[in-house]
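Values in this text are rule-based calculations from the coordinates and carry no lab data. Because the structure is a prediction, the values reported are computed rather than measured. When we count neighbours, we look across all protein chains shown, and the Cβ atoms used for this are built from the backbone with ideal geometry, even at glycine.
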Amino acid sequence: MSELDKPTDPLITVEDLHTYYGKSHILHGVSLTVGRGEVVGLLGRNGVGKSTTLKTIMGLVNARQGMVTLDDRPITGMPAHKLAKLGIGYVPEDRRIFRLLTVMENLRVGLDRPGVSDARKQELLDKVFAYFPVLGQRKDQAGGTLSGGEQQMLAIARAMMLEPKIILLDEPTEGLMPRMVSQIHQIIDALHREGVAILLVEQNVPLTLEASQRVYLMEKGAIRHHARSSELKVGDAVIKQYLGV
Amino acid sequence: MASIGAIFQDLPWELFIIQTLNGIVTGMILALIASGLTLIFGIMDVVNFAHGELFMLGAYTGVVVISVTGSFWLALILATLFVGLLGAALQVATLRPLIGRDPLTTILATFGLSLILQNYALWQFGPVARKISEPITGQFTLFYLEYPWYRLLIAGLSAAIIGGFWLFLKYGKYGIWIRATTQDRVMAQAMGIPVPWVHTAAFGIGAAMAAASGVLFAPLVAVNHTMGLNWVLKAFIVVVVGGMGNLGGSIAAAIFVSLLEAYASIWVAPSQAVIVSFVVLILTLLFRPTGLFVPTPK
Amino acid sequence: MTKLLHRHTVAFWTIFGVVIALLIVAPLVLPTFWQRFVTEILIWGLLAMSSDILIGYTGMVSFGHSAFFGLGMYGAAAALLWHKPANLWLALAFGLIAAAAVAAFVAYFSTRLRDIYFAITTLIFSQIFYVFIFTSTEITGGENGLSFSRPALGIPGVWTVPFNNTTLHWFVLAMVAGSYLLLRRIMRSPFGMVLQSIRENEGRTRAIGYPIERYKIVAVMLSGLFAGLAGVLYAVQNRFAAPDFVFFLVSGEAVIYNVMGGIGTLVGPIFGAATFLLLRELLGRLFGDTFPYLIPLGVIFIAIIIFLPQGLFGFARRWLNR
């Protein structure tokens, strides 16, 4: 499967990442790539280091060893706010929207960037409200008053305000009803059509296999398996091995 | 000890109203100082022991500007700007290197700063207090007293500054950045907000507000190098009572505590009236530690 | 392993012995000013050491030491003024009891609070005591403080010999050295281990089942006791008590000596005090009395916090606690 290892147009490459929390060695040499406009899944059980991988890419956690590049440019250790400006959007586990800010203010945080014309800002807002009409209805409500699903939408919308090249999505469907899960699927597809790359961390296997082009399987802080999504099915042995489902 | 009824009969209600005014005036100054302190704590978890010294330096800068230009208003503006920038510079030099470390270190670092700034003022200006005169003289008759207009002006200006600050926080682009950073530093960064600079700016703003209160208050007291000490203590009490990081709470607490102290001064000496604020603090810590004016967390 | 431990014990006591010997000889060879200076270093060092119990071992930042120190001082003053002839042991007793009482009072209110709130509350308490002492002029002499005579060493009525600078220094040295050894013993005991585990991870220690608040209260009282002892010694040496010593800045200075010397080492604070006071003296001599010595010292202090957070003696922390 080595022809998969380097997509034709890599956007993000991660090489041999080792991350520690204090003395705990969480990532044991993680390596992966995400191509431009590609949706890549990262599957694994709880605690194997999927979120940590995203956090390390985003510069929220420092890697002790290893390298991350964006568009062939090394970004390891760069602070998160610079990476956001370079085009990486981050949607964390448990959403973490700004609860005391209104929906509109949450969006403005990403929207108010230098070099973006007012017209463009309005376009972005219109687009996001088209994707997520609920947010438009609740635009002046405080983020903390939204339901779980609405907060997830806001978290994704907020990242979209940055017009990112890639969005790091951490377990977006966790705790959501099936109807919302399919809505998330639609969003991912829509973003993919627009050419936004996505690194999707999930435990929901069917969704990931359907929405992504390639998947990595992770266990105990390292990548154990790598395949095209089309080559895997939910009941496969390798899926059972690393996800226990 | 006279009976309660007798006390109320004898209660000098004119004095009561005068003290209410005094309490509000002091309360507004305290609110301005405490706002800066609570902003700094809320956004970066720093207990700024040097805040009183920023207040004091504001007053001294006012003294210098007035002696050169004679204009109180110019002094107010320049002192606010100068100390604001100084505060930002100090934050970059001494507090940025400490980000991520034990909160104890920032308490100590700001304590060290307060000693340095106090001694600098003592060295430059000497131990003799300075005075600056009020920009507007004149009083109006309140019962049997002449109450100075200037005091009302202080309260009004402080309220205006706090109000302006609140508007900035609520509607300004950078105000939103400050609020976002206060709520979730990590996600603010992930959204492209340059958090280290927001911290510096917040510290500068807090310093500027302290300096403004210093200039405003200077005509009422003697300006000397120790004037910050009492205020910083009261400001801390107010910030804790109001709920740390809670702007509205500290303003309410500032007025509340100042009113209580003003009323207490009717019966006891002012140097003992400060006990009131201590008692309020202790009661708050025992029964409503998140703050008197904050709804108890669910 | 036992051999290493044995070597460590020998090394420790040798160094300790040498230092004590030097301090014993000091007053015999130094001029008067420096005799008193060294004694004062020991007293302030003791105060800073008492602060280390809380900061270095329990992980609680306290600004309350000025209250304990001051009450120790005033307690001794009370004994020395009230009972004639002046009795050293009575002064010690009064001072220690006063300090312990204040410590218990402060501990009761503050220990249930964490971190910053604890620090601020202890600071406020110092100020409460300051205000009381400052304004209760009839009892405490108010602003002017109290002066009294120095008691003699020995038991009045049986045998006494008045102190001179040298013998007072030896007395203070004995008290401080004894305190250090006692505290070191306590910190290495199971009790001390619990304190350190509270410092490391309070939540986990509580989850294991330790009644954290009780340990903290005892830690504060222990700290208060030794701070009070420093206050008594100061009163005996200088023959006056003043409210200035109860002002929270004194607590701040103790914390500065502590951090500069190295928290969690017990002796570090004494060296921190020595360094600070020596530098202050030096700067005063070089640049004159009006030189704002706190500016360079403050800068050094901040620099140590940023670049050398373990303090001057931090490197020896493990070794000292073995």
If each K or R counts +1 and each D or E counts -1, the residues other than B:Ser250 whose Cβ falls under 15 Å of its Cβ total +2
In sequence order, what are the phi-derived ³J(HN,Hα) couplings for the stretch C:29-42 according to the Karplus relation 6.51 cos²θ - 1.76 cosθ + 1.60 with θ = phi - 60°, rounded to whole Hz, with x for glycine and proline? 10, 8, x, 3, 3, 6, 4, 5, 4, 5, 4, 5, 4, 4
With a 10 Å Cβ neighbour count serving as the proxy for reagent exposure, in which order, fewest first, do C:Val246, C:Val176 appear? C:Val176, C:Val246
Take peptide B:229-238, look around each residue's Cβ out to 10 angstrom, count Cβ atoms belonging to other protein chains, and average those counts. 2
Among the listed pairs A:Lys85/B:Lys170; A:Lys82/A:Lys127; A:Lys23/A:Lys165; A:Lys55/C:Lys216, which are separated by more than 30 Å between their Cα atoms? A:Lys23/A:Lys165; A:Lys55/C:Lys216
Under 5 Å between amide H atoms, partner at least 5 residues away or on a different chain: which partners does C:Gly59 have, H built in plane at 1.01 Å? none
With a 10 Å Cβ neighbour count serving as the proxy for reagent exposure, in which order, fewest first, do C:Thr58, C:Thr275, B:Thr105 appear? C:Thr275, B:Thr105, C:Thr58
Under a Cβ-only charge scheme (Lys and Arg +1, Asp and Glu -1), can you give me the dipole magnitude of chain B about the Cα centre, in debye to the nearest 20? 660
From the Cα trace of chain B, what convex hull volume per residue do you get, rounded to a whole Å³? 154
List every residue whose amide H lies under 5 Å from the amide H of A:Thr102, counting only residues 5 or more places away in sequence or on a different chain, with H placed 1.01 Å from N in the peptide plane. A:Gly143
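Scanning chain A for trypsin sites (Lys or Arg not before Pro) in DSSP loops with at most 16 other Cβ atoms within 10 Å, what's the longest stretch left with none?
Between the exposed loop sites, the longest stretch runs A:140-219.
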Expected integer from the mean partner chain Cβ neighbour count at 10 Å over B:101-109 is 6
Among all the aspartates and glutamates, which ones have a C-alpha under 16 Å from A:Lys240's C-alpha, if same-chain residues fewer than 8 places away are not counted? A:Glu202, A:Glu219, A:Glu231
Among B:Thr200, A:Tyr131, B:Val46, flag the residue with its Cα farthest along the positive direction of the charge dipole of the protein assembly as shown, charges on Cβ as +1 for Lys/Arg and -1 for Asp/Glu. B:Val46
Rounded, prolate or oblate for the stretch A:2-243? Axes are the square roots of the Cα gyration tensor eigenvalues, ordered a ≥ b ≥ c, and the cut-off for rounded is a/c under 1.5. prolate
Phi angles of the stretch A:92-102, converted by Karplus (6.51 cos²θ - 1.76 cosθ + 1.60, θ = phi - 60°) into ³J(HN,Hα) in whole Hz with x for Gly and Pro, give x, 4, 6, 6, 6, 6, 7, 5, 8, 9, 6
Let's see if you can work this out: charge +1 on each Lys and Arg Cβ, -1 on each Asp and Glu Cβ, no other charges. What is the dipole magnitude of the stretch A:2-243 about its Cα centre, in debye to the nearest 20? 480
For every other residue with a beta carbon closer than 12 angstrom to the beta carbon of B:Thr106, add +1 if it is Lys or Arg and -1 if Asp or Glu, then tell me the sum. -1
Of B:Val279, B:Pro103, A:Met67, which is farthest towards the positive pole of the protein assembly as shown's charge dipole, taken about the Cα centre with +1 and -1 on the beta-carbons of Lys, Arg and Asp, Glu respectively? A:Met67
Could you tell me whether the stretch B:110-251 comes out rounded, prolate or oblate from its Cα gyration tensor? Rule is a ≥ b ≥ c as square roots of the eigenvalues, rounded for a/c under 1.5, then prolate if a/b exceeds b/c, otherwise oblate. oblate
Among DSSP beta bridges whose residues both lie in the stretch A:2-243, state the antiparallel percentage, nearest 5. 55
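Starting with the fewest neighbours, write out A:Thr102, B:Thr110 ranked by other beta-carbon atoms found within 10 Å of each beta-carbon.
Fewest-to-most Cβ neighbours within 10 Å comes out as A:Thr102, B:Thr110.
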Non-local amide H neighbours of B:Gly245 (under 5 Å, H modeled in plane, Pro and chain starts lacking H): which ones? B:Gly42
Between beta-carbons, use under 14 Å as the cut-off and find the net charge around C:Leu294, counting Lys and Arg +1, Asp and Glu -1. -3
Neighbour-limited loop hits for trypsin sites (Lys or Arg not before Pro), the stretch C:207-249 (at most 13 other Cβ within 10 Å; DSSP other than H, G, I, E, B): none
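Which values, in whole Å and largest first, are the semi-axes of the equivalent ellipsoid of the stretch A:188-245 obtained as the square root of 5 times each eigenvalue of the Cα gyration tensor?
On the way: eigenvalues 89, 31, 18 Å².
After scaling each eigenvalue by five and taking roots: 21, 12, 9 Å.
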Mind putting a number on the dipole of the protein assembly as shown about its Cα centre? Charges go on the C-beta only, +1 for Lys and Arg and -1 for Asp and Glu, and I need it in Debye to the nearest 20. 1640
When the charge dipole of the protein assembly as shown is computed with +1 on Lys and Arg Cβ and -1 on Asp and Glu Cβ about the Cα centre, the Cα farthest towards its positive end, among C:Thr39, C:Gly72, A:Ile187, belongs to C:Thr39
What does the average come to when, for each residue of peptide B:120-128, you count the partner chain Cβ atoms lying within 10 Å of its Cβ? 2
Along principal axes, Cα extents of the protein assembly as shown, largest first, whole Å: 101, 86, 56
